[in-house]
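The values are calculated or read from the model by the stated rules, or taken from the named source; none is laboratory data. For clarity, every value in this text was computed on a predicted model and none was experimentally measured. For neighbour counting, all protein chains shown are included, and Cβ atoms are generated from backbone atoms with ideal geometry for every residue, glycine included.
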Amino acid sequence: MFELPQRAIDTAAQVESFFQRRVLPSNRLWEQQAKAGQAVPDILRMLRAEAKELGLWNMALPRLTDDEPGLGLTNLEFTAVAEILGRLEWASHVFNCNAPDVPNMELLQLFGNEEQKRQWLTPLLEGEIGSAFAMTEPYAASSDPTNLETRIERDGDEFVINGRKWFATNASNANCELLILVGVTDPTAAKSQRQFLVLIPRNTPAIEVVRNLPVFDHMSETNLHPELVFTNVRVPASNLLGEEGAGFAIGQARLGPARLHHCMRAIGECEVLISLMVKRSQSRSTFGKRIDEYSSTQAAISLSRIELDQCRLLVQRAAHLLDTVGNKSARKQISMIKVAVAKIYQDIADRCIQLFGARGVTGDTPAARAFGKARAFRIYDAPDEVHLQTIARLEAGEQSIEGLEHYLRE
Ligand SMILES: Cc1cc2nc3c(=O)[nH]c(=O)nc-3n(C[C@H](O)[C@H](O)[C@H](O)COP(=O)(O)OP(=O)(O)OC[C@H]3O[C@@H](n4cnc5c(N)ncnc54)[C@H](O)[C@@H]3O)c2cc1C
């Protein structure tokens, strides 16, 4: 079942070649340009143009139509590509396969009307603009979206938005032109029908960036997580995305593929960490032995390999289910991969740090940054506990083994 389709194998080979030839050797330049304050570094712009020209573009959007640019792979096909992109933090951007633009494009594909698609989906597909998704709020436990407090109130033919959001990734980047905001219109409506999604042009007056938030003290130059205040922000009522009160269901639709992509990218990053662990442990000795000769090192590397390969299979199965039975029916598998991959990502980063000794906690290897990202991954796209709750509930509903009493003694 997990023999990948030929299109996935061929595309992954093309992406691998471009990644090795053009993207990876540009990493230092990208870092310099990002540190110099370029919101979209020049080298990234150049590589995006090349990737688009090659047709290695918009690969994470299975619903891409024939007249839209790029190569919409199925979710299963994209797993092979996403793993390569995960090896470098900015590589997904080269191919227009990055979050949050991909899940936002999916939302527009699924729920946008023709005018909304023309105004926002087309430039996103072309890679001309960036976007953000603003759901989480600092003063509401946002892993339960029914807690959200930001108000979206109707005033004639406009919506008026008031509230505070944070961790709206990319919303403070200079390339961001669209915010998709989740808010509440009628706080007395049924809990699952209170949420609305509105499309807000980023340059709308009265949106204040309070600050950009660090992740474990790391402040990325390009991957920004701002806190935003909306004070009487006005947009036309036609900016409603989807049906009134359907925001909860729409938000759920966004999350399946997004989680899958994050998981597959994390697996790619873990491959780099394992390679670094092997290389480092072969190159140093203590107490008369090479570090890779210690059983503790062998266990660290072996367990990482076992767990990573298990996770890859789990993710491929989830992708296959997303393609065949859809987001809703695959939700248990999506929750399973989210928990499993975040855990092994964190564990592998931790082992890599340990093997690098003091160097492991510096920025001289990708391990420390990976550890921080992995820890954050256990919270975003819903915290571990929320997924475990979902898995347990669905598992209980699916249990079907009969005759259990025969296994038990009175
Ligand atoms: C790097 C990063 C990027 C992000 N990007 C975005 C973005 O682009 N857009 C956006 O809107 N948000 C984004 N977020 C926010 C993220 O989605 C939320 O942090 C997440 O949904 C959790 O919400 P919360 O922080 O309000 O935690 P809370 O809901 O307050 O939960 C806190 C803790 O309570 C516990 N808990 C909650 N529910 C349960 C339960 N059912 N059972 C047991 N324990 C439970 C868990 O330990 C959980 O971690 C991002 C976050 C990070 C760290």
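Here are some conditions: (1) in contact with a strand residue (DSSP E or B) (Cβ under 6 Å, 6 or more places away or on another chain); (2) outside any strand (DSSP E or B); (3) of a type in the set (Asp, Glu). Residue 227 meets all but one. Which one does it not meet?
(2)
Can you tell me how many residues in the range 150-174 are within 24 Å of the chain's Cα centre (by Cα) and either without any contact (Cβ under 8 Å) to a residue 60 or more places away in the chain or away from the ligand (no atom under 15 Å from the Cβ) (or both)?
Here is the first cut: in the range 150-174, the ones within 24 Å of the chain's Cα centre (by Cα) are 150, 164-174.
Imposing the further condition that a residue be either without any contact (Cβ under 8 Å) to a residue 60 or more places away in the chain or away from the ligand (no atom under 15 Å from the Cβ) (or both) reduces the set to 171-172, 174.
Residues flagged as within 24 Å of the chain's Cα centre (by Cα) and either without any contact (Cβ under 8 Å) to a residue 60 or more places away in the chain or away from the ligand (no atom under 15 Å from the Cβ) (or both) within the range 150-174 amount to 3.
Can you tell which of 298, 389, 399 is within 16 Å of the ligand (Cβ to nearest atom) and without any contact (Cβ under 8 Å) to a residue 12 or more places away in the chain?
Values: 298 fails: within 16 Å of the ligand (Cβ to nearest atom); 399 fails: within 16 Å of the ligand (Cβ to nearest atom).
After ruling out the rest, the residue left standing is 389.
Please find, within the range 332-368, the residue that is farthest from residue 301 (Cα to Cα) out of those that are charged (D, E, K, R) and over 16 Å from the mean Cα position of the chain (by Cα). Step through it out loud before you land on a result.
Start the filter on the range 332-368 by keeping residues that are charged (D, E, K, R), which leaves 332, 338, 343, 347, 350-351, 359, 364.
Adding the requirement that they be over 16 Å from the mean Cα position of the chain (by Cα) leaves 332, 347, 350-351, 359, 364.
Numbers: 332: 29, 347: 11, 350: 12, 351: 8, 359: 18, 364: 20 Å.
The selected residue is 332.
Select from the range 337-366 the residues that are within 16 Å of the ligand (Cβ to nearest atom) and either within 23 Å of residue 219 (Cβ to Cβ) or not basic (Lys, Arg) (or both) and list them in ascending order.
Of the residues in the range 337-366, the ones within 16 Å of the ligand (Cβ to nearest atom) are 338-339, 341-343, 345-346, 349.
339, 341, 342, 345, 346, 349 - these are the residues of the range 337-366 that are within 16 Å of the ligand (Cβ to nearest atom) and either within 23 Å of residue 219 (Cβ to Cβ) or not basic (Lys, Arg) (or both).
Condition first: away from the ligand (no atom under 16 Å from the Cβ), surrounded by fewer than 24 Cβ atoms within 10 Å (Cβ to Cβ) and among the hydrophobic types (A, V, I, L, M, F, W, C). Now tell me which residues in the range 85-106 satisfy that.
Of everything in the range 85-106, just one residue is away from the ligand (no atom under 16 Å from the Cβ), surrounded by fewer than 24 Cβ atoms within 10 Å (Cβ to Cβ) and among the hydrophobic types (A, V, I, L, M, F, W, C), namely 88.
Here is a check on your reading of the model: is residue 200 of a type in the set (Val, Ile, Thr) and within 13 Å of the ligand (Cβ to nearest atom)?
Numbers: of a type in the set (Val, Ile, Thr): yes; within 13 Å of the ligand (Cβ to nearest atom): no.
No.
In the range 341-348, is there at least one residue being surrounded by fewer than 20 Cβ atoms within 10 Å (Cβ to Cβ), among the small types (Gly, Ala, Ser) and within 30 Å of residue 28 (Cα to Cα)?
no
Residue by residue through the range 367-384, note down the ones that are near the ligand (Cβ under 10 Å from one of its atoms), in a helix (DSSP H, G or I) and either free of Cβ contacts under 8 Å to residues at least 40 places away in the same chain or in contact with a Cys (Cβ under 6 Å, 6 or more places away or on another chain) (or both).
Within the range 367-384, the subset near the ligand (Cβ under 10 Å from one of its atoms) is 372-373, 375-384.
Restricting the remaining residues to those that are in a helix (DSSP H, G or I) gives 372-373, 375-377, 384.
Across the range 367-384, there are no qualifying residues.
Checking residue 110 against (1) in contact with a Pro (Cβ under 7 Å, 6 or more places away or on another chain); (2) not in a loop (DSSP other than H, G, I, E, B), which test does it fail?
(1)
Determine which single condition residue 219 fails, assuming it passes every other condition in (1) in contact (Cβ under 8 Å) with a residue 60 or more places away in the chain; (2) under 30 Å from residue 163 (Cβ atoms); (3) of a type in the set (A, V, I, L, M, F, W, C).
(1)
Filter the range 349-361 for residues that are of a type outside the set (A, V, I, L, M, F, W, C) and buried (at least 20 other Cβ atoms within 10 Å of the Cβ) and give the result. Before you say what the answer is, go through the steps one by one.
The first filter runs over the range 349-361 and keeps only residues of a type outside the set (A, V, I, L, M, F, W, C), leaving 350-351, 354, 357, 359-360.
If the condition is that a residue be of a type outside the set (A, V, I, L, M, F, W, C) and buried (at least 20 other Cβ atoms within 10 Å of the Cβ), then 351, 360 are the ones that fit.
Could you list, in sequence order, all residues of the range 162-181 that are modelled with pLDDT of 95 or more and of a type in the set (A, V, I, L, M, F, W, C)?
Scanning the range 162-181 gives 166, 167, 168, 171, 176, 178, 179, 180, 181.
Looking at (1) under 25 Å from residue 76 (Cβ atoms); (2) surrounded by 15 or more Cβ atoms within 10 Å (Cβ to Cβ), which one does residue 366 not meet, given that it meets all the others?
It is condition (1) that residue 366 fails.
If you check residue 189 against the conditions, is it more than 15 Å from the ligand (Cβ to nearest atom) and more than 27 Å from residue 262 (Cα to Cα)? Write out each step before concluding.
Numbers: more than 15 Å from the ligand (Cβ to nearest atom): yes; more than 27 Å from residue 262 (Cα to Cα): yes.
In short, yes.
Can you spot a residue in the range 66-86 that is touching a residue at least 24 places away in the same chain (Cβ under 8 Å), acidic (Asp, Glu) and part of a helix (DSSP H, G or I)? It would help to see each step written out before you state the result.
In the first step, residues of the range 66-86 are kept if they are touching a residue at least 24 places away in the same chain (Cβ under 8 Å); the result is 68-71, 73-86.
Now narrow it down to the ones that are acidic (Asp, Glu): 68, 77, 83.
Filter again for part of a helix (DSSP H, G or I), leaving 77, 83.
Within the range 66-86, one or more residues are touching a residue at least 24 places away in the same chain (Cβ under 8 Å), acidic (Asp, Glu) and part of a helix (DSSP H, G or I).
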